[in-house]
Amino acid sequence: MLMKPLKTLSAWKALEQHFKAMRSFDMRAAFREDASRFDQLSLRCGNLLLDYSKNRVTSDTLGLLMQLARESDLEGLRTAMFSGERINFTEHRAVLHTALRAPVRPPLVVEGIHVEHEVAAVLRRMQNFVESIHNGNWRGHTGKPIRDVVNIGIGGSDLGPAMVCHALDHYAVENVRVHFVSNLDPAHLAGTLKLLDPETTLFVVASKTFTTLETLANANSAKAWLLAALRAPAAIARHFVALSTNAQAVEAFGIDPDNMFIFWDWVGGRYSLWSAIGLSIALQIGWGNFQALLAGAHAMDVHFKEAPPEANMPVILGMLGIWYANFWGTDTYGIFPYDQRLHLLVPFLQQLDMESNGKNVSRANRRVNYNTGPIVWGAPGTNGQHAFFELIHQGTRLIPTDFLMAAVNATPLADQHEWLLANCLAQTEALLKGKSRAVIEAELIAQGMSRKNARALAPHKVFPGNRPSNTLLYQKLDPHTLGMLIALYEHKVFVQGAIWQINSFDQWGVELGKQLAPPIRAALSSVRAVGEHDASTQGLIADIRRRRGLST
Ligand code: F6P
């Protein structure tokens, strides 16, 4: 489809005008003037409640944002994704992670292959394998059952499964523990292996391409560790499985093709936890719970496909992000789960959002003239409150935020959950309301401070307020809810990529570093001197060589 440049769309222009009027918008006044603001600006989907009333928006803002979504043909791109068109056009690939989680898979043919049959066949093999590990039918080389699983992968082959396994730790099966190793730094693998017994350990080598340096290095070291202990190449077949799209490379590594679970190039790495890459999740929480996770994501897919834009959670979250990034000029976006189980959600969302929408060229192959994906950051509450919340409350920058919380804690302890919820709500309330100089001065004087001193101190204690936040409330963190939450953010990222007219599904930005590393690696340790590099890189290489006793 021929796209008009984003800034020439009439909704964009109208939003630019509208923004001028909104610069002085005060949410506090809006709440005072409209008792129904929360009802108007909140939305339910399953057990998720999204409250987006604490944003610098009016019904006009939202109307224009929805008009922008329509003019950008968000709907058309969404249909194209769900129907298997190759919307990842720089890699000539369809984008079909949604097909992995549909309980009833309608016929879907990609490159002459019936996707629905392939997906069902792999899921069946995964289920059999998971059950055989759990019931002890699958034994290690020396006949002992598997007790520890080490997922070796990086990026999308690590962050999604690791995040879900931590989040759903309270659903973990009793007899198997899952560990994650991603970093090339040997400290990661060595630190994990020192706790494990080779006879009862299974390695799950997760790599879409099976060419990723970090994963292959760790997998080779793991293989050496296993063989040093078990002293039989045949042990590999009982202690290594692979999750990949690249059967040839898996076989070349020495993993039996029977121990390989495939997926397809239409599953992007950062969208792959729903595919065979989810094997470690199923090993940790059991097959039924893995199915519930998929079902939750599917429920969000249905909502995203069917709900009108004005009542569509991913569309609303995505368009609010556009409003702040492109009209208010915000650069970052904070995510604060008041849920310790979601402590890996932020790293996961960083890859999902920043690898997807950290682009500067449009689908028309032109440099864009507006900002695209934000810098995503955050940490679980309440930890963030005692670290960096100062900047959100009193810093000079405007930072849109998401706060997440469960109504019920799966592992309650005394009244700790009540305090957790109270803190989450207090933060969003403080961001909204702020605290004025006059109130602070009066408080200080009431505490006995002189008028002069109170006047001097008060500005430091002022909270400007009128700072935005979304709140996502869910019943409790269970597999179905987590599936919904992840799919919500996936689709939000999709919405924003559609508006920014970029390809959210490639990742060429990771390639240059990969190309530059091998010659530098050679220069660090070879006897011969260093090749051509800029003076800074050259100086650093020379210093490392000197420290290692090599000539510079
Ligand atoms: O280098 C970036 C990247 O390709 C990510 O997109 C991907 O999730 C990660 O590396 C791991 O890739 P693979 O699964 O092919 O090892």
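The values are calculated or read from the model by the stated rules, or taken from the named source; none is laboratory data. Everything quoted here is computed from the prediction, not taken from an experiment. Every residue, glycine among them, receives a Cβ derived from its backbone with ideal geometry; neighbour counts consider all protein chains shown. Side chains included, ligands, DNA and RNA excluded: accessible areas come from the protein's heavy atoms. Shrake-Rupley method; radii C 1.70, N 1.55, O 1.52, S 1.80 Å.
Quick notes on this structure:
- Screening segment 1-104 for helices (runs of 4 or more DSSP H) wholly inside it with 1 or more residues that are among the aromatic types (Phe, Trp, Tyr) returns the ranges 10-22, 27-33, 37-40, 74-82.
- Taking the conditions (1) open to solvent by 20 Å² or more (accessible area, probe 1.4 Å); (2) on the phi > 0 side of the Ramachandran plot in turn, Gly465 satisfies each one other than (1).
Per-residue answers, yes or no, for (1) within 14 Å of the ligand (Cβ to nearest atom); (2) open to solvent by less than 10 Å² (accessible area, probe 1.4 Å):
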| position | (1), (2) |
| --- | --- |
| Asn259 | no, no |
| Val267 | yes, yes |
| Ser272 | yes, yes |
| Ser275 | yes, yes |
| Ala282 | no, yes |
| Phe290 | no, yes |
| Gly296 | no, yes |
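- The residues in segment 192-238 that are modelled with pLDDT under 95 and either under 26 Å from Gly269 (Cβ atoms) or buried (at least 17 other Cβ atoms within 10 Å of the Cβ) (or both) can be counted, and the count is 0.
- Comparison of Val510, Val495 shows that the only residue that is of a type in the set (Val, Ile, Thr), buried (at least 20 other Cβ atoms within 10 Å of the Cβ) and not in a loop (DSSP other than H, G, I, E, B) is Val495.
- Taken together, the residues in segment 382-393 that are open to solvent by 10 Å² or more (accessible area, probe 1.4 Å) and either closer than 14 Å to Glu429 by Cα or not in a helix (DSSP H, G or I) (or both) amount to 5.
- Evaluating Leu432 against the criteria (1) assigned to a helix (DSSP H, G or I); (2) over 26 Å from the mean Cα position of the chain (by Cα); (3) free of Cβ contacts under 8 Å to residues at least 60 places away in the same chain leaves one unmet condition, (3).
- Met313 vs. criteria more than 16 Å from the ligand (Cβ to nearest atom), more than 30 Å from Val204 (Cβ to Cβ) and within 19 Å of the chain's Cα centre (by Cα): yes
- Residue that is within 16 Å of the ligand (Cβ to nearest atom) and either open to solvent by less than 10 Å² (accessible area, probe 1.4 Å) or among the aromatic types (Phe, Trp, Tyr) (or both), where the choices are Val176, Val149, Val130, Val164: Val164
- For segment 152-159, the count of residues that are within 16 Å of the ligand (Cβ to nearest atom), among the β-branched types (Val, Ile, Thr) and touching a residue at least 40 places away in the same chain (Cβ under 8 Å) is nonzero.
- Single unsatisfied condition, Phe327 versus (1) away from the ligand (no atom under 16 Å from the Cβ); (2) over 26 Å from Thr58 (Cα atoms): (2)
- Residues within segment 242-257 that are open to solvent by 10 Å² or more (accessible area, probe 1.4 Å), assigned to a helix (DSSP H, G or I) and within 13 Å of the ligand (Cβ to nearest atom), tallied: 2
- The single condition among (1) in contact with a Gly (Cβ under 8 Å, 6 or more places away or on another chain); (2) not in a helix (DSSP H, G or I) that Ser551 does not meet is (1).
- Residue identified as surrounded by 17 or more Cβ atoms within 10 Å (Cβ to Cβ) and either farther than 21 Å from Trp500 by Cβ or modelled with pLDDT under 95 (or both) among Val95, Val109, Val115, Val104: Val115
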